[in-house]
Amino acid sequence: MNIMDYIKLHQNEDFKKFPFTEVDNLIFSCLPYLDYTGIVPAFRHHKITLNEAVTKLNAKNQNYHGLFIGSTYKMLNLMKNTKRYGDALLYNYMKVVNNEMQFGAITILLNDKSTYIAFAGTDTSIIGWEEDFKMAYLYPGVSQKYAGIYLNKALGLFPKNIRIGGHSKGGNLAICAAMNAKNYYKKRIIAIYNNDGPGFLKKQIEDKNYYKIKDKIKMFVPEQSIIGMILYHTYDYEVVKAKGFSILQHDAFNWKCNDKEFIKAKLNKRSRTLEHKITEKLEHMPQKDKLKLVNDLFKIFYSNNIKDTKDINITSIFKIIKSFKQLDKETQRLLLEFLILIFIK
């Protein structure tokens, strides 16, 4: 079964009867991928039930393109009339997309009075992916700064039993936000969920702010993880059985679970290789070279008027790699494989 089946199975059980699980975490981590502008209030002491929010989303009659976004919309409609999720209160929606960042977050108060704060992962915008690539040399990035500001503001509204998390980049932002939370707020956080999100530079996971929260981090990756294997992260992660191949396993709707938890598996050999090779390569690459690589890569996207990953094809990726003559053959091969895995579905 997947998260859709899980919702159907537990639809008549509130969080008091059947407590929050790691699968509920993944479900809530998907919510900020949709746009609730004009529906969920932004940091005014107002809220809206999930049922009411979905009703308003439906009234927009919007066509939700893309397999993952479409699945998230279907999932919300499945949650809408359930005892478990329908009366959840949605607060503090934020969405910012400009020429520097792609950021989103939402706060969810459950019927057991616990709170889940979800950060949005990377959408299909090129600026979102450029931010991800900049993590190889830049900390904190613009979205990471926003995540800390958002969390400190949200934590001031809720006294205890707060979980934070996200899928993909959202998982990284959840950890980053917790690292930068005020010390008296950190105590309110009971768990930090990273669902196949990228890691950090080595000096960040050796920082005292990371050590203060590391025992609260719960990281989950699929068998053939790619995104979750980038940069340094906790090695106390759990591997989830998933259907599909390669980057398709990044899709939360392909993760497998039973009635109360993910079905566990072992990390694929290819993912283990990517974990070590890419991270080590980035670690030893001079800062100026990382900066130039990312700047040159995205300059090519923008000069070809590519603003969305849907506009990228295999031909354009081969052209991009050929232009990086300054890179050694192994780095070119790694970059080629990485770009194909991410952008070619």
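Regarding the range 171-187, can at least one residue be identified that is outside the structural domain of PHE298 (by TED's automatic domain parsing), among the charged types (D, E, K, R) and within 19 Å of the chain's Cα centre (by Cα)? No, the range 171-187 contains no residue that is outside the structural domain of PHE298 (by TED's automatic domain parsing), among the charged types (D, E, K, R) and within 19 Å of the chain's Cα centre (by Cα). Of the residues making up the range 118-130, at least one is in a strand (DSSP E or B) and crowded, with 22+ Cβ neighbours inside 10 Å. Within the range 326-336, the presence of a residue that is modelled with pLDDT under 80, closer than 21 Å to PRO222 by Cβ, part of a loop (DSSP other than H, G, I, E, B) and not aromatic (Phe, Trp, Tyr) is excluded.
Residue count for the range 140-156, restricted to those that are in contact with a Gly (Cβ under 9 Å, 6 or more places away or on another chain) and surrounded by fewer than 22 Cβ atoms within 10 Å (Cβ to Cβ): 1.
Yes or no: the range 88-98 includes at least one residue that is in contact with a strand residue (DSSP E or B) (Cβ under 9 Å, 6 or more places away or on another chain), in a loop (DSSP other than H, G, I, E, B) and over 22 Å from HIS250 (Cβ atoms). Reasoning before the result, please.
Kept after step one, since they are in contact with a strand residue (DSSP E or B) (Cβ under 9 Å, 6 or more places away or on another chain), are these residues of the range 88-98: 88-97.
Among the residues that remain, those that are also in a loop (DSSP other than H, G, I, E, B) are: 88.
Narrowing further to those that are over 22 Å from HIS250 (Cβ atoms): 88.
Scanning the range 88-98 turns up at least one residue that is in contact with a strand residue (DSSP E or B) (Cβ under 9 Å, 6 or more places away or on another chain), in a loop (DSSP other than H, G, I, E, B) and over 22 Å from HIS250 (Cβ atoms).
Residues in the range 99-113 include at least one that is under 25 Å from LYS310 (Cβ atoms), part of a strand (DSSP E or B), out of contact with any Asp or Glu (no Cβ under 7 Å at 6 or more places or on another chain) and among the aliphatic types (A, V, I, L, M).
So, in the range 218-267, of the ones that are aromatic (Phe, Trp, Tyr) and under 28 Å from GLN11 (Cβ atoms), which residue ends up farthest from the chain's Cα centre (by Cα)? Break it down into steps so the answer makes sense when it comes.
Our first condition is that a residue be aromatic (Phe, Trp, Tyr); within the range 218-267, this holds for 220, 232, 235, 237, 245, 253, 255, 262.
Still in the running and under 28 Å from GLN11 (Cβ atoms): 220, 253, 255, 262.
Working: PHE220: 11, PHE253: 14, TRP255: 14, PHE262: 17 Å.
Looking at the filtered set, the residue picked out is PHE262.
The residues of the range 210-220 that are farther than 11 Å from TYR193 by Cα and either crowded, with 23+ Cβ neighbours inside 10 Å or among the aromatic types (Phe, Trp, Tyr) (or both), listed by number, are TYR210, TYR211.
Listed by first and then second residue, the pairs linking a residue in the range 146-173 that is within 16 Å of GLY121 (Cβ to Cβ) to a residue that is charged (D, E, K, R), with Cβ atoms under 6 Å apart and 6 or more places separating them unless they lie on different chains, are LYS169/ASP132. For the range 6-37, the candidate set comprises residues that are at pLDDT 95 or above, acidic (Asp, Glu) and surrounded by 15 or more Cβ atoms within 10 Å (Cβ to Cβ); within that set, the residue that is nearest to SER71 (Cα to Cα) is ASP24.
Here LEU248 meets the list (1) surrounded by 14 or more Cβ atoms within 10 Å (Cβ to Cβ); (2) under 29 Å from TYR210 (Cβ atoms) almost entirely, failing just condition (2). Listed by position, the helices (runs of 4 or more DSSP H) inside the range 204-315 whose residues that are in contact (Cβ under 8 Å) with a residue 24 or more places away in the chain and outside the structural domain of GLN144 (by TED's automatic domain parsing) number at least 1 are 269-284, 287-303.
On the given criteria, is VAL40 buried (at least 20 other Cβ atoms within 10 Å of the Cβ), assigned by TED's automatic domain parsing to the domain that holds GLY197 and out of contact with any Phe, Trp or Tyr (no Cβ under 7 Å at 6 or more places or on another chain)? Give the steps one after another, and end with the answer.
On the way: buried (at least 20 other Cβ atoms within 10 Å of the Cβ): yes; assigned by TED's automatic domain parsing to the domain that holds GLY197: yes; out of contact with any Phe, Trp or Tyr (no Cβ under 7 Å at 6 or more places or on another chain): no.
For VAL40, the condition - buried (at least 20 other Cβ atoms within 10 Å of the Cβ), assigned by TED's automatic domain parsing to the domain that holds GLY197 and out of contact with any Phe, Trp or Tyr (no Cβ under 7 Å at 6 or more places or on another chain) - is not met.
Within the range 100-112, at least one residue is within 12 Å of TYR33 (Cβ to Cβ) and of a type in the set (Gly, Ala, Ser).
The values are calculated or read from the model by the stated rules, or taken from the named source; none is laboratory data. Everything quoted here is computed from the prediction, not taken from an experiment. Methodologically, a virtual Cβ is constructed for each residue, glycine included, from the backbone with ideal geometry; neighbour enumeration extends over all protein chains shown.
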